[in-house]
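The values are calculated or read from the model by the stated rules, or taken from the named source; none is laboratory data. These numbers come from a predicted model, not from an experiment. So basically every Cβ, Gly included, is an ideal-geometry build from the backbone, and we count neighbours across all protein chains shown.
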Amino acid sequence: MGRVRYTIGLDEVGRGALAGPVTVGAVLLGPETELAAISGGLPLRDSKKLTPRMREKWARGVRADGRVPFAVASVAAERIDRQNVSRAANTAAGRAVLKLVKKHRLDPKRTRVLLDGGLRLPPMDIRFAAVRTIIKGDEKVPAIALASIMAKVHRDRLMTKRHEKFPQYGFARHKGYGTRAHIRFVKKYGLSPMHRKTFCRFV
């Protein structure tokens, strides 16, 4: 079968937000991947422990370098309401993995998949060398930490873009999370198509 050569790390963002999608990032690292050349000296940590500027710098570095394949997948609020956020996040994880496998023609038998604590891969026809969920993986596994950054930057940009359509909710500031200001706007204006009805029942 050959030894494992590649690692796909996955992490999600937006699980607890009142509005917007849940988004999963997937990053592919090989044995020769040199992240230090991409970072510009920045630390690689879970996205929540980096400033927006540091996350943006990491994301720009990954895109400009081109040697770290990544994919991002999102599941929108409407589907989150239908199937719950955990299943939606797992659905997004499966989509992100498939994007990487198909685009880069990976050999699953030489690829392991590492997911951050709350994620699971949904049933798939692909059999990887290993699939593991790691508690606090974004603090322990570089591929998961980088996946969290790519997912966070993608989702933040999306929510900032949605602010243009729904400026009354302030999405550009809070990115859909349940801040006091966001809750106040929901009470004043009601729900938009971006909101998760099941998350806003008690707002």
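Based on this model, can you work out whether Arg132 counts as outside any helix (DSSP H, G or I), of a type outside the set (A, V, I, L, M) and within 30 Å of Thr7 (Cβ to Cβ)?
For Arg132, the condition - outside any helix (DSSP H, G or I), of a type outside the set (A, V, I, L, M) and within 30 Å of Thr7 (Cβ to Cβ) - is met.
Is at least one residue of the stretch 124-131 buried (at least 24 other Cβ atoms within 10 Å of the Cβ), of a type outside the set (Asp, Glu) and either closer than 17 Å to Val27 by Cβ or in contact with a Lys or Arg (Cβ under 7 Å, 6 or more places away or on another chain) (or both)?
No, that holds for no residue.
Residues checked against (1) in contact with a helix residue (DSSP H, G or I) (Cβ under 6 Å, 6 or more places away or on another chain); (2) modelled with pLDDT of 95 or more:
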{"site": "Gly2", "(1), (2)": "yes, no"}
{"site": "Gly9", "(1), (2)": "yes, yes"}
{"site": "Gly16", "(1), (2)": "no, yes"}
{"site": "Glu32", "(1), (2)": "no, no"}
{"site": "Leu50", "(1), (2)": "no, no"}
{"site": "Val68", "(1), (2)": "yes, no"}
{"site": "Val72", "(1), (2)": "yes, yes"}
{"site": "Val85", "(1), (2)": "no, yes"}
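Is it the case that the stretch 62-69 has a residue that's part of a loop (DSSP other than H, G, I, E, B), surrounded by fewer than 18 Cβ atoms within 10 Å (Cβ to Cβ) and not polar (S, T, N, Q)?
Yes, some residue in the stretch 62-69 is part of a loop (DSSP other than H, G, I, E, B), surrounded by fewer than 18 Cβ atoms within 10 Å (Cβ to Cβ) and not polar (S, T, N, Q).
Can you pull out the residues in the stretch 168-203 that are loosely packed, with under 13 Cβ neighbours inside 10 Å and at pLDDT below 95?
Arg201, Phe202
Has the stretch 159-167 got at least one residue that is surrounded by fewer than 16 Cβ atoms within 10 Å (Cβ to Cβ) and not in a helix (DSSP H, G or I)?
The answer is no, given that none of the residues of the stretch 159-167 is surrounded by fewer than 16 Cβ atoms within 10 Å (Cβ to Cβ) and not in a helix (DSSP H, G or I).
Do you know which of the residues in the stretch 179-203 that are part of a helix (DSSP H, G or I) and among the charged types (D, E, K, R) is nearest to Arg82 (Cα to Cα)?
That would be Lys187.
Run down Leu18, Leu42 and say which single residue is over 17 Å from the mean Cα position of the chain (by Cα) and either surrounded by 16 or more Cβ atoms within 10 Å (Cβ to Cβ) or not aliphatic (A, V, I, L, M) (or both).
From the options Leu18, Leu42, the qualifying one is Leu42.
Any residue in the stretch 47-58 that is within 25 Å of His163 (Cβ to Cβ), surrounded by fewer than 18 Cβ atoms within 10 Å (Cβ to Cβ) and touching a Ser or Thr at 6+ places or on another chain (Cβ under 8 Å)?
There is at least one residue in the stretch 47-58 that is within 25 Å of His163 (Cβ to Cβ), surrounded by fewer than 18 Cβ atoms within 10 Å (Cβ to Cβ) and touching a Ser or Thr at 6+ places or on another chain (Cβ under 8 Å).
Residues of the stretch 1-26 being of a type in the set (Val, Ile, Thr) and either within 26 Å of Gly170 (Cβ to Cβ) or in contact with an Asp or Glu (Cβ under 9 Å, 6 or more places away or on another chain) (or both), which ones?
Val13, Val22, Thr23, Val24
Inside the stretch 102-117, can you point out the residues that are out of contact with any Leu (no Cβ under 9 Å at 6 or more places or on another chain) and buried (at least 16 other Cβ atoms within 10 Å of the Cβ)?
Pro108, Arg112
Which pairs have Cβ atoms under 7 Å, sit 6 or more apart or on different chains, and link a residue in the stretch 127-150 that is among the acidic types (Asp, Glu) to one that is crowded, with 21+ Cβ neighbours inside 10 Å and part of a loop (DSSP other than H, G, I, E, B)?
From the stretch 127-150, no pairs qualify.
Of all residues in the stretch 62-105, count the ones that are more than 17 Å from the chain's Cα centre (by Cα) and within 22 Å of Ser47 (Cβ to Cβ).
Residues that pass the stated criteria total 4.
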